[in-house]
Amino acid sequence: MNPSNKKSNSISEKKGGFNAQAFLDSAGVERKIKEFKGGEVVYSQGDAAKSVMYLREGGVKLSVVNEVGKEAVVAIVGPGDFFGEGCLAGQSVRMGTATAIAPCTVLVIDKSEMFKVLHEQHALSDRFISFMLARNIRIEEDLIDQLFNSTEKRLARTLLLLAHYGQESKPHGVLPNVSQETLAEMIGTTRSRVNIFMNKFRKLGFIRYNGGIEINTSLLSVVLHE
């Protein structure tokens with residue numbers, strides 16, 4: 001068997017996604033594992049963009065600060081997601097800040113190594129392309145949501161997305177440790193408005209506080225309601 005084929009097969013062993021452990025075990029791969037505590041910055045806006053990140057465990061908040069210091073949360077990424085991939089498209093510096101919202105384990109892949117494995121290993125290439133297409137679709141949906149939906153609908157949709165509603169390959173139902181301030185930044189409103197709707201959702205049985213926020217799929221009715 002061709003060694004390169006053997007490596008490619010090992011990386012596709014994990015059904016439905018990129019097998020990070022197989023990638024780590026591959027001979028000759030330049031890689032680094034980093035651990036981050038909740039609240040710790042993974043990288044900052046303006047840092048040199050030299051690597052792609054793969055989140056193995058935990059949650060990471062991606063945010064951008066404008067010239068007057070106002071912060072906007074762009075996305076929350078979870079286990080199995082890539083981030084910092086802008087360096088592959090020619091970005092020389094980080095366009096935003098990545099912050100751990102829970103203890104995280106991150107696989108850091110050098111930009112040149114990422115180009116190499118995307119070219120040589122079809123399993124990883126397919127996984128990465130699927131991820132990027134899904135992210136582009138999510139960005140379009142977020143924009144439509146922001147333009148046309150009420151604050152209540154935007155919050156309900158965001159909670160369902162954070163709980164991985166409809167993503168069978170990921171555990172779902174319980175949110176990562178996301179504060180109401182972060183939720184407010186994600187949907188473009190105030191913390192007080194988020195608090196009002198979270199209390200409403202709790203009273204209606206859509207969410208439950210139990211050491212975290214448990215999401216009932218019945219919350220989807222808020223998104224679908226005209």
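A Förster distance of 45 Å, applied to the separation of the beta-carbon atoms of SER218 and SER112, puts the FRET efficiency at 0.40. Only protein heavy atoms count here; on that basis, with a 1.4 Å probe, TYR209 has an accessible area of about 110 Å².
Is there a pair in LYS37/LYS70; LYS34/LYS116; LYS70/LYS203; LYS70/LYS200; LYS32/LYS70 whose C-alpha atoms are over 26 Å apart, and which pairs would that be?
Values: LYS37/LYS70 24 Å; LYS34/LYS116 21 Å; LYS70/LYS203 33 Å; LYS70/LYS200 28 Å; LYS32/LYS70 32 Å.
Flagged as over cut-off: LYS70/LYS203; LYS70/LYS200; LYS32/LYS70.
Charge tally around SER63: other residues with Cβ under 9 Å, Lys/Arg +1 each, Asp/Glu -1 each, net -1.
Under a 5 Å amide H cut-off, with hydrogens placed 1.01 Å from N, ALA49 pairs with VAL93, ARG94 among residues at least 5 apart or on other chains. Exposure check, 1.4 Å probe, all protein chains in place: MET95 carries approximately 110 Å² of accessible surface. A straight chain from LEU133 to LYS37 at 0.36 nm per residue would run longer than the Cα-Cα distance by 31.6 nm. Positive end of the charge dipole of the stretch 112-159 (Lys, Arg +1 and Asp, Glu -1 on Cβ, about the Cα centre): tell me which of LEU143, SER125, LEU155 has its Cα farthest that way. Result: LEU155. Radius of gyration over Kirkwood radius for the stretch 27-80, both on Cα atoms: the Rg/Rh ratio is 1.01.
Spherically averaged projected area of the convex hull of Cα atoms, the stretch 98-226: 9.4 nm².
Using C-alpha pairs under 8 Å with a sequence gap of at least 6, the mean separation divided by the residue count of the stretch 93-226 gives a relative contact order of 22 percent.
The values are calculated or read from the model by the stated rules, or taken from the named source; none is laboratory data. Not measured: the values here are computed from a predicted model. Positions of Cβ are generated from backbone atoms using ideal geometry, with glycine treated the same way; all protein chains shown enter the neighbour counts. These area figures cover heavy atoms from the full protein model, side chains too; ligands, DNA and RNA do not enter into them. Shrake-Rupley method; radii C 1.70, N 1.55, O 1.52, S 1.80 Å.
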